[in-house]
Amino acid sequence: MASATAQPSFLATRRGKLTLALLASVAFLDFVDASIVNVALPSIRRDLGFSEQGLQWVPSAYLLTYGGFMLLGGRAADLLGRRRVLVAGTVLIGVSSLIGGFAGSSGVLVGARLAQGIGAAMMLPAALSILTTTFKEGSERNTALGVWGAVGGLASAAGVILGGLLTEGPGWRWVMFVNPLAALLVLGGIFWLISGERHRARLADFDILGSILATAGALLLVFTLVKAPDQGWGSITTIAELTGAFALLAAFVINERRNRNPLLPLSIFRVRGLAAADATQLIAFAGFLAMFFFLTLYMQNVLGYSPIQTGAAYLPLTFGVAVAAGITSQLLPRTGTRPLIVAGSLIASGGVYWLSRIPVHGSYLSDLLPGMMVMSIGLGAVFVAVTTAANAGVPADKAGLAAALLNASQQVGGALGLAIFSAIATSRINDLLATHTAQADALTSGFQRALVASSIFLLAAALIGLRVTNTRGEEEQPHADAPPEPVERQHSPEPALEDAA
């Protein structure tokens, strides 16, 4: 232990910086895929003959499997080894993207998006758990999580920018073709920088029934949330699907309490503030993702922006997120996570409410840019602070699970927000169109109501954030909670990753 304490900061080494850059690129690849297709949807519809209702499955298919398989992916990373799962997810997302780029029918593209989501559900918790077990708690991990948070926030906006550039440039298919190229680079970095595992989990270590129940329950829940606006929240189908999803998840919890090797050890919720951090993430990203969705529709369908103009409109926002994430990582040791989560959520709520006042004949400089910049400050702060709070004090052998819970909260929150706010917007738009209101006026009014609801969700996230542990990134648990370091790691010339265990 004394020699370990005397070691210099891993982040200060060249290998440490390259490792952080690699993990950040994994986060960027996964997050950008959730939004990069949005601007390309009109072109995709024309080329592949999607129906208006079927088109929603291009973005929603990714969200469905991303959220549905996240818990399984995170636990697999802990049991099978994080590098193995990260490599498998990267290969899957690269191959499925290549198939999607060559898709000649709507079914093939949706199938490719489903496979992309599974790959992302494997990659993201594995990468985040590598980060939290590689960089020790304190200023080193705060800096690493600050970079991760900045990249995650940037990717949501950058996806719209890249989607616009590629759609108006070489064509929408390049929205898919960029992933195989990125995956090859990521794979090279993984084999170069991340140590291989020395162990394999026994089949007895896998909670097969729990895996089936958790994945089926999560998939059905996200599927129901995506379909609810079309089916109607009060329809028999929606109620039956929600009942089935909650029944599966309840059966999963019962199974976990009885299983000797559970997929989700319920003891993880004894980590102080973890549940509150995940709940904050869920509610906050319901508001954030909906904001991007409705602003993009407003710019293209009301203001008449081209795909590239819509993407360029988000450039200042990406800058604001990066600055806010950097400042937040520096403030964490002084203020702790709770004040930053609460303040960030309140700031973001104010920015989205500002955006809810968009007029029919809006101006980018006066009606969009100010609210977007205010919102970006809150987004950067919330992303970094919640990620830090959700990983503080988590034992190393459950780091993948904690990462999966946090990211599953984000995906379920995004699906929940789109389902609720789309229903609000659609109801308002249809009511106005029935009274022969001009389409632009009806669309704007619907988007306004949805954005107001988004701002209310962000306000609720601030209230939930009051229950989050106010960690400053210091070590919350003794090292004894973590598994002992392997012999080969102790003799490594540079600190190896937790995956060497």
Exercise. Listed residues G371, G417, G413; which is modelled with pLDDT of 85 or more and either crowded, with 23+ Cβ neighbours inside 10 Å or in contact with a helix residue (DSSP H, G or I) (Cβ under 7 Å, 6 or more places away or on another chain) (or both)?
Worked result: G371
Exercise. Residues of the stretch 212-256 being open to solvent by less than 20 Å² (accessible area, probe 1.4 Å), among the hydroxyl-bearing types (S, T, Y) and closer than 19 Å to I420 by Cβ, which ones?
Worked result: T224, T238
Exercise. What are the pairs, 6+ residues apart or on separate chains, where a residue within the stretch 452-477 that is of a type in the set (A, V, I, L, M) and open to solvent by 10 Å² or more (accessible area, probe 1.4 Å) has its Cβ under 8 Å from a residue that is modelled with pLDDT of 90 or more and in a loop (DSSP other than H, G, I, E, B)?
Worked result: V452/S356
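This table checks each residue for (1) within 29 Å of F191 (Cα to Cα); (2) of a type outside the set (D, E, K, R).
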position	(1), (2)
R14	yes, no
A21	yes, yes
S25	yes, yes
F28	yes, yes
R46	no, no
S60	no, yes
T65	yes, yes
A76	yes, yes
R113	yes, no
Exercise. Scanning the stretch 297-310 for residues that are part of a helix (DSSP H, G or I) and surrounded by 17 or more Cβ atoms within 10 Å (Cβ to Cβ), which turns out modelled with the lowest pLDDT?
Worked result: P307
For this session: With the checklist (1) closer than 25 Å to P262 by Cα; (2) open to solvent by less than 20 Å² (accessible area, probe 1.4 Å) in hand, flag the one item V394 doesn't pass.
Result: (2)
For this session: Kindly establish whether L20 is open to solvent by less than 60 Å² (accessible area, probe 1.4 Å) and among the aliphatic types (A, V, I, L, M).
Result: yes
Exercise. How many of the residues making up the stretch 265-301 are under 20 Å from the mean Cα position of the chain (by Cα) and polar (S, T, N, Q)?
Worked result: 3
Problem set entry | Matching residues, the stretch 35-68, being within 30 Å of T132 (Cα to Cα) and out of contact with any Gly (no Cβ under 7 Å at 6 or more places or on another chain) | P59, S60, G67, G68
For this session: Output the number of the condition that A6 fails; it satisfies all remaining conditions of (1) surrounded by fewer than 14 Cβ atoms within 10 Å (Cβ to Cβ); (2) over 29 Å from A150 (Cα atoms); (3) modelled with pLDDT of 85 or more.
Result: (3)
Problem set entry | Search result, residues across the stretch 422-437 that are in contact (Cβ under 8 Å) with a residue 12 or more places away in the chain and over 17 Å from W233 (Cβ atoms) | L432
Problem set entry | Candidates A404, A389, A423, A399 - the one that is open to solvent by 20 Å² or more (accessible area, probe 1.4 Å), more than 17 Å from L458 (Cα to Cα), hydrophobic (A, V, I, L, M, F, W, C) and at pLDDT below 90 | A423
Exercise. Yes or no: F288 at pLDDT 85 or above, in a helix (DSSP H, G or I) and under 17 Å from P42 (Cβ atoms)?
Worked result: no
Exercise. Here are some conditions: (1) over 18 Å from L346 (Cβ atoms); (2) at pLDDT below 85; (3) open to solvent by less than 10 Å² (accessible area, probe 1.4 Å). A313 meets all but one. Which one does it not meet?
Worked result: (2)
For this session: Residue by residue through the stretch 331-355, note down the ones that are surrounded by fewer than 19 Cβ atoms within 10 Å (Cβ to Cβ) and either free of Cβ contacts under 8 Å to residues at least 40 places away in the same chain or over 23 Å from the mean Cα position of the chain (by Cα) (or both).
Result: P333, R334, T335
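The values are calculated or read from the model by the stated rules, or taken from the named source; none is laboratory data. Computed from a predicted model, the values in this text were never measured in an experiment. Using ideal geometry, Cβ is built from the backbone for each residue, glycine included, and neighbour counts are taken over all protein chains shown. All accessible areas refer to the heavy atoms of the entire protein, side chains included, with ligands and DNA or RNA removed. Shrake-Rupley method; radii C 1.70, N 1.55, O 1.52, S 1.80 Å.
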